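The values are calculated or read from the model by the stated rules, or taken from the named source; none is laboratory data. This one's a predicted model, so the numbers in the text were calculated from it and none came from an experiment. Because the Cβ atoms are built from the backbone with ideal geometry, glycine has one as well, and the counts that use them run over all protein chains shown. Ligands, DNA and RNA are excluded from the accessible area calculation, which covers all protein heavy atoms including side chains. Shrake-Rupley method; radii C 1.70, N 1.55, O 1.52, S 1.80 Å.
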Amino acid sequence: MVEATTLQRTLPLEGRVSSGPRVTIRPAPTAQRVSLRASADAVSAVSKGLGVDLPITPKQSARAGARAVLWLGPDEWLVIEEGERDLLADLGRAKALYSAVDVSHRNTAIVVSGPAAADTLNAGCPQDLSLEAFPVGACSRTVLGKIEIVLYRTAEDVFRVECWRSFSQYAFAFLAEAARAR
Amino acid sequence: MSSAGEHRIAGVGRLTPANPVRFTFDGKAYSGLQGDTIASALIASGVHLVGRSFKYHRPRGILSDGPEEPNALVGVRRDAARATPNVRATVQEIYDGLNAVSQNRWPSLSFDVGAVNDIASPLFSAGFYYKTFMWPKVAWEHVYEPFIRNAAGLGQAPTEPDPDHYAAQYAHCDVLVIGGGVAGLSAALAAAESGARVILCDERAAFGGALRFEAEARLDGKPGYDWAQDAAATLAAMDNVRILSRTTAFGYYAQNFVGLAERVTEHLAAPAADAPRERLWQVRAGRVIIAAGAIERHMVFANNDRPGIMLASAARTFLNHHGVAVGRKVGVYTANDSAYAAAIDLKKAGIDIPAIVDVRDNPQGSAIDEARAFGIRVLTGHAVTGTGGKLRVASMIVEPNKGGAAEIIPVDALIMSAGWTPSVHMFSQSRGKVAWDAATERFLPGTYAQDCVSIGACNGTDRLEESVSEAIAAGESAAKATRKRAKKSKVKIAVEGGGDWTGSMLGAGPNGANGKVIKAFVDFQNDVTAKDIRLAVQEGMHSIEHVKRFTTNGMATDQGKLSNLHGLAIAAEALGREIPKVGLTTFRAPYTPTTFGAIVGHARGELFDPARHTPMHESEVAAGAVFEDVGPWKRAWYYPRAGEDMHAAVNRECRTVREVAGMFDATTLGKIEVVGPDAAEFLNLIYTNPFLKLGVGRLRYGIMCREDGFIYDDGVVGRMAEDRFHVTTTTGGAPRVLQHMEDYLQTEFPHMKVWLTSTTEQWAVIAVQGPKAREIIEPFVEGIDLSNEAFPHMSVREGTFCGVPTRLFRMSFTGETGFEINVPADYGRQVWEKVYERGKSMGMCLYGTETMHVLRAEKGYIIVGQDTDGTVTPYDAGLGWAVGKNKTDFVGIRGLKRPDLVADGRRQLVGLKVKDGKTVLEEGAQIVADPNQPVPMKMIGWVSSSYWSENCGRPIALALVEGGFERMGRTLYVPMPDRAIEVEVTGTVFFDEEGGRING
């Protein structure tokens, strides 16, 4: 006997939103995510499988449609698929040696947007977030207050903050507090 | 007479009479103008007495007009939770309703009982603390310490928690300019117009620095102060500039990292609810331009601390900026020309200047000529050797330096200048070395240690015109150095006027240090006199660092901004050595007092530290769980039902798991996905156990050692595919195990094709344990044959659970038939609810970490970090079976062969049976062989785990005991304060010794 159920996901930041005149903070929709590890000789085959050229320069990302690949280290990328295409299946087509681990539920994301987005993040992130040093498309594994995040700039005044699920309450509360009086 | 004070002069100053502000000081109502500080507004009302000194409780007034103020410290109180002590009255702007109180006086400011210290002052000389509080020892507790605590510090801290919030901000720039006077503004303009990203900060409410008092200077044809406001507005409008007023650069750290404290709402009558009280800026700058200016010094002479005696530049600021005359009959005592400019400005405003007393024999310069032309009596080669008055200066005693009759001149204020000290604090904090300039008697920036440059008065550049050109050059070159395509700025600033002052005096003036009870103050805040410093030298302090600590000169919250050089000069004279040979004490952060609030910033309340919740947390809360902290995780500890205490709840949970089943949240266990063709080989090296032959779908309990052979962590490892393992770690060990593995992979085994990914939070883990576990989960599982034959203990399968993908583990940390259901984290809560709903109807309970601990102890399963302490090998723990006998290498293999680790008598993990059958031993209790031996007894081990076991009907314990395996069946003792508890050494398995239940 198998119970035919369709379970709902319980999202860690369900319903939370913080919005002010100059910055809005809200959880991002769910997405597929893969922590991808591969050595240099596998990059082109994996790129072909993914349909996105893996960036090989620090702090850079690449994007094709709803799929973004973020450089995190010399052999490490975070792949985010916000659409319906099956990420692991696409990767499975790559004829190369690599490691793909599903982290769709490990990470959750917060979108920080508005003219004061960079200043809000800079309350806890020590990186230079000027457009010059951190242009649209830039990404980095960095810190926010006392936690680790992956920061990804998707537009001039829009940032995606990826963090582990259990740190998301802290991340959201920190950003909401930092957004006060901006 | 103006309503904003009878000493306000109509038509003078820059404040607007139409903007009155009402405030109180010691309960009395006063009125000032928008733009006033507490100091300027009080002086406008003729109030000079604002506090009592720290040690002698002498009446004290307002000495300066800025952050260097040592005297005029007041409490500012908005409400019980917002009461700030030691606020400098010369910095705090007034707002409607501001409530300020004086400090260090009782019962009132004008009559203070503590002033008896002044009369008794011979008892309180330098080094008083060291000499007095020596003996007898008992007096420390009852007399000395209460006395010191009572006397230590000024002001009253608030009694309630701070309700305000404080913000933090990291910022980067090409050029940080510290100080917004004429030099800083000029440099910022030049750097910004060259294209650099600039941050300019100034500690005052408005930019302009010395232009606040320097009325003669004109820049670009405008009055200097107006030019400064225009320059600030120009900068504020530029996209590449961030301009911060009321912002103190308080600390200069490595690699041009500078801390700034911005006071956001301290000057507002009704701050917006969301506005932070302060904001801490942590700035990383390509180059720092220090334009910190110079600080005027006071003259050191007898009774130079009476209210009404102040720095000449302060009097000039009060007049030219605030429109306030500091007195009606103002005496002047100086060694520097700048006091003449102040005297002339006061004279022009109609104030009587009875005399300028100049300690120099023959000062020359336009300022002196001009003063004479105004008909002011100038006494050169004279000194002020004392003052009269009590709560306010009433007269000055003037004597010729060469000897002769003293003259007493009535005054109601006395302004003074001993010259200007370049503010090298920030430069010195950057680890730059100062150099002594003998000609001008001052320390100037010498050798630089970081990419910074000093300009203007803090660099010893005196003339306005030179300051401006130096600043423009510094701004342009900073832009060029930090930015690839810097433009050439077109900044040109026409300069007219500005003081050209010479003259300096360091140390005490004539007669200032003579006589036994003469108080010629060097350090006002710590009540250090010239005599104290001479005494310190006499008593053998030859280093300025010792003199400083013995006298406390320069150790107050003003960091000796006025006193350091005077103290140094007096010490040098007493020692008969040159000033640079005696040395300068080190400047340390913070430049001015910085609040804890600013430094703590956002890190309070829920943001003090992240609290990690599992996906099932809310369900556990709803089920009435009591939580415990395990690192940052909140874990369900036990689930009490109505009327149950912890003991009863844990007993029930323990029983239910063994009789029916229990469900436990195991999400916090660390998980690492180990992937790659060499994954098995890698794990074979990391763990003591063999891993090469572990089949796909099988689990193995693994022990991980450090290189030294001691247990580092343990956990269950599952092989998901030939090249993919699912590794679990202890909850607390998750980050360090990943780091340990990554470290070996990168340094010892870099040839291996293996990648590690933390998946701790990818999976929610629900353990269902007990005889009915299989029956409970069965209806939810699809794609996995749950039969004992197809899915035996220590195996793993993939399938679906409630329709979502699962990695289902058949394993047990209880000794019962058990499953650990791994599902993607966002499904955890719903799966938990489904399983609980069904399990509950079958008699299953929820259990927490306490029950988990008891159940595993009943089976003798260790907890790394509780039953091991970093000196326990797998063999010591009785886990020798987990060390691969045929393995030629693994981390720790050589350590395990060290003589000490194979010697007899090592502490080994054993069970303890308490002979009385009811006493639960204390964890951590020591164990002895003979309870009757004399104290100190020989300890042979300690209790590592101890619980009441409801399932065994008796207490159980694990212990590490020397030669424990050899002592089976022997009686040992656990000495307690009242008795020694008799215990028998046993094996570590207390329940189901045959172990059949696990395979049920």
Cross-link partners of B:K938 among aspartates and glutamates (Cα-Cα below 15 Å; sequence separation of 8 or more within a chain): B:D930, B:E962
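Which pairs break 20 Å Cα to Cα here: B:K693/B:K753; B:K834/B:K859; B:K671/B:K834?
Working: B:K693/B:K753 18 Å; B:K834/B:K859 29 Å; B:K671/B:K834 24 Å.
B:K834/B:K859; B:K671/B:K834, as the Cα separations exceed 20 Å there.
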Output row B,A: buried area (accessible, probe 1.4 Å, summed both chains) in Å², nearest hundred, equals 4600
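Ranked highest first by the average count of other Cβ atoms within 10 Å around their residues, in what order do B:804-817, B:963-976 fall? If you can, show how the numbers build up before the last one.
On the way: B:804-817: 22.6, B:963-976: 16.6.
For the peptides B:804-817, B:963-976, the packing ranking is B:804-817, B:963-976.
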Among DSSP beta bridges whose residues both lie in the stretch B:358-463, state the antiparallel percentage, nearest 5. 95
Evaluate the distance, in nm, between pseudo-label points positioned 7 Å from the Cα of B:H647 and of B:A603 along their respective Cα→Cβ axes. 4.1
Residues in the stretch B:166-188 that, when all protein chains are in place, have 10 Å² or more less accessible area than the chain alone would give (probe 1.4 Å): B:A168, B:Q169, B:Y170, B:H172
Two-site FRET efficiency, B:E681 against B:E618, from Cβ-Cβ distance with R₀ of 35 Å, rounded to 0.05: 0.25
Round to the nearest 10 and report in Å² the accessible area of B:D65, as given by a 1.4 Å probe over the protein chains' heavy atoms. 20
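Run the numbers on chain A and let me know its relative contact order in percent, using alpha-carbon pairs under 8 Å that are six or more apart. Each step should come with its number before you reach the end.
Details: 362 pairs, mean separation 45.0, N = 182.
Contact order relative to length: 25 percent.
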Normalising by the residue count of chain B, find the relative contact order in percent from Cα pairs under 8 Å and 6+ residues apart. 9
Partner lysines whose C-alpha sits under 26 Å from that of B:K348, ignoring same-chain residues fewer than 8 away, are B:K222, B:K329
Label-point separation in nm, B:R372 to A:A64, each point 7 Å along Cα→Cβ: 9.0
Do any residues of the stretch A:123-164 show a loss of at least 20 square angstrom of accessible area between the isolated chain and the full protein assembly, using a 1.4 Å probe, and if so which? A:A123, A:P126, A:D128, A:E132, A:K146, A:W164
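At 1.4 Å probe radius, can you tell me the per residue accessible area of chain B in Å²?
Numbers: 38900 Å² over 1000 residues.
About 39 Å² of surface per residue is accessible.
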Enumerate the amide H contacts of B:L244 below 5 Å, restricted to partners 5 or more residues apart or on another chain; note that Pro and chain-start residues carry no placed amide H. B:L200, B:C201, B:D202
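Please figure out what share of the DSSP beta bridges in chain B is antiparallel and state it in percent, rounded to the nearest 5. Write out the running numbers ahead of the final one.
Details: 136 of 180 bridges.
Antiparallel bridges make up about 75 percent of those DSSP assigns within chain B.
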Those residues in the stretch B:729-776 that give up at least 30 Å² of accessible surface, probe 1.4 Å, once the partner protein chains are present instead of the chain by itself are B:K753, B:W755, B:T757, B:S758, B:E761, B:Q762
B:W227 accessible area, nearest 10 Å², 1.4 Å probe? 10
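Normalised by the number of residues in the stretch B:428-522, what is the relative contact order in percent for Cα pairs under 8 Å and 6+ residues apart?
On the way: 80 pairs, mean separation 17.9, N = 95.
Relative contact order for the stretch B:428-522 comes out at 19 percent.
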Give the distance, in whole Å, between the Cα centre of the stretch A:135-182 and the Cα centre of the stretch B:894-949. 50
Can you list residues whose amide H is under 5 Å from B:V495's amide H, if they're 5+ apart or on another chain and H is modeled 1.01 Å from N? B:D220
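Which order do peptides B:256-265, B:200-209 fall in by mean Cβ count within 10 Å, highest first?
B:200-209, B:256-265
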To the nearest 10 degrees, how steeply does helix B:224-236 sit against the main Cα axis of chain B, on a 0 to 90 scale? 20
B:G388 long-range amide H proximity, modeled H, under 5 Å: B:A394, B:S395, B:M396, B:I397
Mean Cβ-within-10 Å packing, highest first, puts peptides B:910-920, B:381-391, B:784-794 in the order B:381-391, B:910-920, B:784-794
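Can you give the extra length, in nm with one decimal, that the chain gains between B:K433 and B:D629 once fully stretched, where that is 0.36 nm per residue apart less the Cα-Cα distance? Write down the numbers at each step before the final one.
Values: separation 196, 0.36 × 196 = 70.56 nm, distance 4.91 nm.
This chain segment gains 65.6 nm when fully extended.
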Please give the Cα centre distance for the stretch B:839-864 versus the stretch B:708-731, rounded to the nearest Å. 22
Can you find, among B:L912, B:S945, B:L972, the residue farthest towards the positive end of the dipole of the stretch B:898-999? Put +1 on the C-beta of Lys and Arg, -1 on that of Asp and Glu. B:L972
Considering the dipole of the stretch B:868-1000 built from charges on the beta carbon (Lys and Arg +1, Asp and Glu -1) around the Cα centre, which of B:A925, B:V985, B:G895 is farthest to its positive end? B:G895
Between the Cα axis of helix B:849-858 and the main Cα principal axis of chain B, the angle (0 to 90°, nearest 10) is 40
Ignoring ligands, DNA and RNA, what percent of the accessible area of the protein assembly as shown is carbon or sulfur (1.4 Å)? 52
Whole-angstrom gap from the stretch B:19-60 to the stretch A:11-56, using each part's C-alpha centre: 59
Per residue, how large is the accessible surface of the stretch A:32-103? Use a 1.4 angstrom probe and give square angstrom. 43
Working out 0.36 nm times the residue gap between B:D904 and B:S110, then minus their Cα-Cα distance, what length gain in nm do you get to one decimal? 277.9 nm
